[in-house]
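Beneath this line is the structure, given in structure tokens, with notes to follow.
Nothing in this text is a laboratory measurement; each read-out follows from the coordinates by a stated rule. Quick caveat, the model's predicted, so the values are computed rather than measured. Cβ: placed from backbone, ideal geometry, glycine included. Neighbour counts: every protein chain shown.
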């Protein structure tokens, strides 16, 4: 199972967990499995067509998935998936 | 016990150490030969003039500092003093340390000057500045030259808030000569939990005034320019154009896209960061060096209300202290030209897990702003771009404050 890093705004769906393990052979599968365990997560990551929202970045290890194979990017057990949303706060 | 007089010692050294004339030195320097010219005179002598390209190591520090400047023992080294005597002694010490290709410049700097060759008289720090910045100048990465670069630099900080407070304080302490601060707001009691540049007595005062007061009390070398205004598409070029580096500490998406686009168009380096609850992000956008920009990282803003602000979601008061300090470090590195800036890298800090991580930020070859074929070539309405009412649409009696994104 890949390790998934959950950003602060999504932790209310994951019982406050910032790091969890989740199965999935690809990013798309991983998101479905996340949704099954933590309902509500998918709608924060994906639009109505199931596409990952443009202001949400998903990294596999240190590469953003748009530079890989998008939501079809394959995952292995050693991979670390980071969900990194835009944040505006500074003050 | 046998002994040598100083004259006998020098005569002995002249036999053991090769001397070159100032003409030979000039010839070697002119022909770009790979010779390290080490000037071993004292600080006050160096300040009155020195040969361009020389490295200054006072003789008392020569053995201790030479390896930093000349790591290879077979690198050609020419030692220079005022008249060619101390350089002989210095050259002997370098030979003792195993430097195999050391010469002493006969006649020294005075000989060089008398031969009519060019030399530079450096701008120098005052005695007070030498004391204030001594922990900087002693480091080879800075030296007096680096400190002068800091004193000559102009940095703009967007927002005198959570991130802007530590950034402004550390840059001022470091001797960044001109610090501009853009902020339209006044200090509120709820700011004091994290905005450490302001104090209780500053509540209800303009933040730019409060910040300018704090900086003046810390370091009189720093000139503060307060821009008590909202940065907008109308004034962004005028404000940003006055500075070398921009540090983003704003609290909303329209300002982040505006500042990014203005920096790309003007060719300014942007040290960007944001914070939320226990997490921070820092990166450097430098499109002049082929790096990505904010839009490469976040092509589209989230719809209003989708991403909570610190006012809505909260932020640990210390967090901007860490993240803003990282921004200050990056700005100083950029000014000095030292180290590897966070270009193309997004540094993530999670205070709860006490972890720093890093991901890559790739340049988007179709970026509307920083690609080879930009579609955004002037500043747009960023309120509208972020799905918010235009500033013009806010009634005249409104506050003009940006609606939190």
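Give me the distance in nm between label points sitting 7 Å out from Cα along the Cα-to-Cβ direction at residue B:33 and residue B:119, one decimal.
2.1
Starting from the Cα of residue A:68, step 7 Å along the direction of its Cβ; do the same at residue A:51; then give the gap between the two resulting points in nm.
With each label placed 7 Å out from Cα toward Cβ, I get 2.0 nm.
Each label point is 7 Å from the Cα along the Cα-to-Cβ direction; what then is the distance between the points at residue B:3 and residue A:80, in nm?
The answer from the label model is 6.8 nm.
Can you give me the Kirkwood hydrodynamic radius for the protein assembly as shown, using every pair of distinct Cα atoms, in Å to one decimal?
About 25.9 Å, per the Kirkwood formula over Cα pairs.
Using a ≥ b ≥ c from the Cα gyration tensor of the stretch B:151-245 (square roots of the eigenvalues), is it rounded, prolate or oblate, where a/c under 1.5 gives rounded and otherwise the larger of a/b and b/c decides, a/b for prolate? Show your work: numbers first, answer last.
Details: a/c = 2.04, a/b = 1.17, b/c = 1.75.
Because a/c hits 1.5 or more and a/b fails to exceed b/c, the stretch B:151-245 counts as oblate.
Can you give the FRET efficiency to the nearest 0.05 for residue A:20 and residue B:228, using r as the Cβ-Cβ distance and R₀ = 56 Å?
0.75
By how many nm would the segment from residue B:201 to residue B:340 lengthen if fully extended, with 0.36 nm per residue of separation less the alpha-carbon distance? Before the final figure, lay out each step's value.
On the way: separation 139, 0.36 × 139 = 50.04 nm, distance 4.03 nm.
Taking residue B:201 through residue B:340 to full extension adds about 46.0 nm, to one decimal.
Under the 0.36 nm per residue contour assumption, what length would be gained going from the current alpha-carbon distance of residue B:192 and residue B:312 to full extension?
Gain on extension, residue B:192 to residue B:312, equals 41.5 nm.
Would any residue of the stretch B:107-132 have its amide N under 13 Å from a label point 7 Å out along Cα→Cβ of residue B:47? List them or say none.
Hits in the stretch B:107-132 for residue B:47 at 13 Å: B:122-132.
How high is the FRET efficiency between residue B:235 and residue A:1 when r is their beta carbon distance and R₀ equals 60 Å, given to the nearest 0.05? Spell out each step's value before the answer.
Numbers: r = 52 Å, r/R0 = 0.86.
Plugging the Cβ-Cβ distance into 1/(1 + (r/R0)^6) gives 0.70.
How many angstrom separate the Cα center of the stretch B:245-268 from the Cα center of the stretch B:48-116?
Centre-to-centre distance over Cα atoms comes out at 47 Å.
Work out how much length residue B:100 to residue B:372 would gain on full extension: take 0.36 nm times their residue separation and subtract the Cα-Cα distance, in nm to one decimal.
Extra length available between residue B:100 and residue B:372 comes to 92.8 nm.
Residue B:131 to residue B:21: FRET efficiency via 1/(1 + (r/R0)^6), r the Cβ-Cβ distance, R0 35 Å, to the nearest 0.05?
Efficiency computed from Cβ-Cβ geometry: 0.35.
Between helix B:319-336 and chain B, what is the angle of the helix's C-alpha long axis to the longest principal axis, kept within 0 to 90° and rounded to the nearest 10?
Long axis of B:319-336 versus the principal axis of chain B: about 40 degrees.
Please give the helix B:207-218 orientation as an angle from the longest Cα principal axis of chain B, in degrees from 0 to 90, rounded to the nearest 10.
Helix B:207-218 and the main axis of chain B meet at about 20 degrees.
Taking a ≥ b ≥ c as the square roots of the eigenvalues of the Cα gyration tensor of chain B, is the shape rounded (a/c under 1.5), prolate (a/b larger than b/c) or oblate?
Verdict is prolate for chain B.
Once a ≥ b ≥ c are taken as the square roots of the eigenvalues of the Cα gyration tensor of the stretch B:259-368, is the result rounded (a/c under 1.5), prolate (a/b larger than b/c) or oblate (a/b not larger than b/c)? Walk me through the numbers on the way to the answer.
Details: a/c = 1.89, a/b = 1.23, b/c = 1.54.
Since a/c reaches 1.5 but b/c is at least a/b, the shape of the stretch B:259-368 is classed as oblate.
Could you tell me how far the Cα centroid of the stretch B:141-191 sits from the Cα centroid of the stretch B:336-383, in Å?
21
Could you work out [θ]222 nm for chain B from helices alone, using -39500 (n - 2.57) per DSSP H run of at least four and dividing by all its residues? Round to the nearest 500 deg cm²/dmol. Working shown, then result.
Values: 17 runs with 143 residues, N = 405.
Rounded to the nearest 500, the figure is -9500 deg cm²/dmol.
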